[in-house]
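Visitor: Below is a structure I'd like to ask you about.
The values are calculated or read from the model by the stated rules, or taken from the named source; none is laboratory data. As the structure is a prediction and not an experimental result, all values here were calculated from the model. Heads up, the Cβs are rebuilt from the backbone with ideal geometry, glycines too, and the neighbour counts pull from every protein chain shown. Calculation scope for accessible area: heavy atoms of the full protein, side chains included, ligands and nucleic acids excluded. Shrake-Rupley method; radii C 1.70, N 1.55, O 1.52, S 1.80 Å.
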Amino acid sequence: MKKLLVVLLVLGFSAAPAMAVQWDFGASVRTHAGYYDVDQEYAKGPYLDGSIGNDWDDDTGFLMGLDGNSTFTAKAMVSEKFYGVVQLGLRDATRADGNNDDDYLRMAYGVWNFGAGKLLMGKDYTPGTYLGYSKMSADIGDSGNGNMLLAGLPYIGRQPQIKLMFGDLDIAFIEQHKDADDFSTRLAAEGIANTDTDFSLPRIEAAYVFRTDLVNIRPVVGFQTYELEADGGGSEDIDSYLVGIGASFDLKPFYVKATASYMQNAANYGKGTLGTVTYTGAALDQDGDLEDSDLYQGTLVAGMKVNKMLNIEAGFGYQNAQLDNSTVDVSEDFGLANPLYLGTKDSEQEAYIYYLQAWISLSKNVHIIPEIGMIDRNDAEYEWTPEAIATAAAAGAALPGGTQKSDLGKMTYGNICFRLEF
């Protein structure tokens, strides 16, 4: 909590009358209680409770905790032309299982209205983010209240950026994904000890909203590139692309919201997913050539505002990750001391998420949100290449032909979020 106390002290001193700055403060506190059932094959489980989910048996458990999307927000109106926002995330630092931290910086930015448009500088959501397209509340590994951002939407988190806003058009120059894969593990097995990644451009995203009384349509695009250098092994450019479209229909009292998106080398771009946990990043094939991955995503949400107290919503998310040529380390299967990467082809994984919730507002500031749902990672599928089969045969081992499948499991839950706004 040290950072929070420092921020509060700074804001308090900055709010002196001589500064003529108007400060507004607010908070959102979100407590979860739920029951989770996690398959043995499903890696990890809910973020708020690391004891639910393991790699040796099916696991179930009761979860209760304060989610990391609980926030403290301070907004400063400096003038009619300029304002700033600082938002901290509030985590419960009393847990002992490692799934916790102290407060953290969610957003910190200033916005200057220069007449023809607005200029944002700092850390904020990027233009490719589809906020408000889902009310999903349960913890599916995202600490809760993730709104399906990691389960079907092209979300890369809140990022440092410079963003220009001209009405309904946003264009942003965003910090690069500096943790992008440098393939050091695979290249080390090939005898290449040193690798380096070089960025010549920031990530770039843009979005526009077409507005009518019935529907809002929001196309988004994004791009990133970096050069991978290997000591003595040349260099390759790894390009990532994002293309998406969203539509939000207002059919009072009903509403429908849908998105579809495509990403090339999504993991290299910085896109994390809770569904497709394989094949989302570029890969090196058995010959050491770079192969691009494809990620297809979609969401569909439908709801009804029954009255001021009750909103009912159901949602569905779909992800499909594909990689034409990749490799698998078979050293453990073959009893080898050193890594042996053999080629695979036609790699694919699909994932689905479903949820049904009721948003119950006891007052403007007090909400209770019961929800049931499931995230199903389905199977990771691939085939061995003829070269891999021949390599294994020469080593005295046999690889099976046809499509190989590995069950990645599913997680089901019943969850209630108790949400306070003040």
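Visitor: Residues Asn307, Asn338: which one is in contact with a Ser or Thr (Cβ under 7 Å, 6 or more places away or on another chain), surrounded by fewer than 18 Cβ atoms within 10 Å (Cβ to Cβ) and among the polar types (S, T, N, Q)? Full working, then the answer.
Guide: Numbers: Asn307 fails: in contact with a Ser or Thr (Cβ under 7 Å, 6 or more places away or on another chain).
Result: Asn338 is the single residue among Asn307, Asn338 that is in contact with a Ser or Thr (Cβ under 7 Å, 6 or more places away or on another chain), surrounded by fewer than 18 Cβ atoms within 10 Å (Cβ to Cβ) and among the polar types (S, T, N, Q).
Visitor: Is there a residue being under 30 Å from Leu310 (Cβ atoms), open to solvent by 40 Å² or more (accessible area, probe 1.4 Å), in contact with a strand residue (DSSP E or B) (Cβ under 8 Å, 6 or more places away or on another chain) and not in a strand (DSSP E or B) anywhere in region 53-60? Give the derivation first.
Guide: At the first step, the residues of region 53-60 found to be under 30 Å from Leu310 (Cβ atoms) are 60.
Pick out the ones that are also open to solvent by 40 Å² or more (accessible area, probe 1.4 Å) and you get 60.
If we keep only those that are in contact with a strand residue (DSSP E or B) (Cβ under 8 Å, 6 or more places away or on another chain) as well, we get 60.
Of the ones still in play, those that are also not in a strand (DSSP E or B) are none.
Checked region 53-60: no residue is under 30 Å from Leu310 (Cβ atoms), open to solvent by 40 Å² or more (accessible area, probe 1.4 Å), in contact with a strand residue (DSSP E or B) (Cβ under 8 Å, 6 or more places away or on another chain) and not in a strand (DSSP E or B).
Visitor: Residues being touching a strand residue (DSSP E or B) at 6+ places or on another chain (Cβ under 7 Å), not in a loop (DSSP other than H, G, I, E, B) and not β-branched (Val, Ile, Thr): count how many of those fall in region 61-94.
Guide: So the answer is 17.
Visitor: Let me ask you something else. Look at region 269-293 and say how many of its residues are aromatic (Phe, Trp, Tyr) and open to solvent by less than 20 Å² (accessible area, probe 1.4 Å).
Guide: Residues of region 269-293 aromatic (Phe, Trp, Tyr): 269, 279.
Then drop every residue that is not open to solvent by less than 20 Å² (accessible area, probe 1.4 Å), which leaves 269.
Counting residues in region 269-293 that are aromatic (Phe, Trp, Tyr) and open to solvent by less than 20 Å² (accessible area, probe 1.4 Å) gives 1.
Visitor: Please find, within region 163-183, the residue that is least open to solvent (accessible area, probe 1.4 Å) out of those that are under 11 Å from Ala206 (Cβ atoms) and of a type in the set (D, E, K, R).
Guide: Lys163
Visitor: Does Leu323 count as in a strand (DSSP E or B), at pLDDT 95 or above, among the aliphatic types (A, V, I, L, M) and open to solvent by less than 20 Å² (accessible area, probe 1.4 Å)? Step through it out loud before you land on a result.
Guide: Numbers: in a strand (DSSP E or B): yes; at pLDDT 95 or above: yes; among the aliphatic types (A, V, I, L, M): yes; open to solvent by less than 20 Å² (accessible area, probe 1.4 Å): yes.
Spelling it out, Leu323 is indeed in a strand (DSSP E or B), at pLDDT 95 or above, among the aliphatic types (A, V, I, L, M) and open to solvent by less than 20 Å² (accessible area, probe 1.4 Å).
Visitor: Name the one entry in Leu356, Leu342 that is over 17 Å from Leu323 (Cα atoms) and either in contact (Cβ under 8 Å) with a residue 24 or more places away in the chain or not β-branched (Val, Ile, Thr) (or both).
Guide: On the way: Leu342 fails: over 17 Å from Leu323 (Cα atoms).
Of the residues listed, the single one that is over 17 Å from Leu323 (Cα atoms) and either in contact (Cβ under 8 Å) with a residue 24 or more places away in the chain or not β-branched (Val, Ile, Thr) (or both) is Leu356.
Visitor: Sort out which residues of region 239-263 are closer than 18 Å to Asp179 by Cβ and surrounded by fewer than 23 Cβ atoms within 10 Å (Cβ to Cβ), and write them in order of number.
Guide: Of region 239-263, the ones closer than 18 Å to Asp179 by Cβ are 239-240, 242, 263.
Matches in region 239-263: Asp239 only.
Visitor: Sticking with this structure for a sec: Could you check region 380-391 and list, in sequence order, the residues that are buried (at least 17 other Cβ atoms within 10 Å of the Cβ), of a type outside the set (Gly, Ala, Ser) and touching a strand residue (DSSP E or B) at 6+ places or on another chain (Cβ under 8 Å)? Show your work before the answer.
Guide: Keep residues of region 380-391 that are buried (at least 17 other Cβ atoms within 10 Å of the Cβ), which gives 380-385, 388-389, 391.
Then drop every residue that is not of a type outside the set (Gly, Ala, Ser), which leaves 381-385, 389, 391.
Within region 380-391, Glu381, Tyr382, Glu383, Trp384, Thr385, Thr391 qualify.
Visitor: Going by the conditions given, is Ile140 out of contact with any helix residue (DSSP H, G or I) (no Cβ under 8 Å at 6 or more places or on another chain), under 18 Å from Asp376 (Cα atoms) and of a type in the set (Val, Ile, Thr)?
Guide: Values: out of contact with any helix residue (DSSP H, G or I) (no Cβ under 8 Å at 6 or more places or on another chain): yes; under 18 Å from Asp376 (Cα atoms): yes; of a type in the set (Val, Ile, Thr): yes.
So Ile140 fits the description; yes.
Visitor: Please pick out the residue among Tyr296, Tyr226 that is hydroxyl-bearing (Ser, Thr, Tyr), open to solvent by 10 Å² or more (accessible area, probe 1.4 Å) and out of contact with any helix residue (DSSP H, G or I) (no Cβ under 6 Å at 6 or more places or on another chain). Can you show your working first?
Guide: Working: Tyr226 fails: open to solvent by 10 Å² or more (accessible area, probe 1.4 Å).
The conditions single out Tyr296.
Visitor: Any chance region 179-195 includes a residue that's assigned to a strand (DSSP E or B) and touching a residue at least 12 places away in the same chain (Cβ under 8 Å)?
Guide: Yes: one or more hits.
Visitor: Residues being over 30 Å from Lys364 (Cβ atoms), open to solvent by 10 Å² or more (accessible area, probe 1.4 Å) and in contact (Cβ under 8 Å) with a residue 60 or more places away in the chain: count how many of those fall in region 19-48.
Guide: So the answer is 7.
Visitor: Tell me, yes or no, whether region 286-297 has at least one residue that is over 14 Å from the mean Cα position of the chain (by Cα), under 20 Å from Ile156 (Cα atoms) and of a type in the set (Gly, Ala, Ser).
Guide: Yes, region 286-297 contains at least one residue that is over 14 Å from the mean Cα position of the chain (by Cα), under 20 Å from Ile156 (Cα atoms) and of a type in the set (Gly, Ala, Ser).
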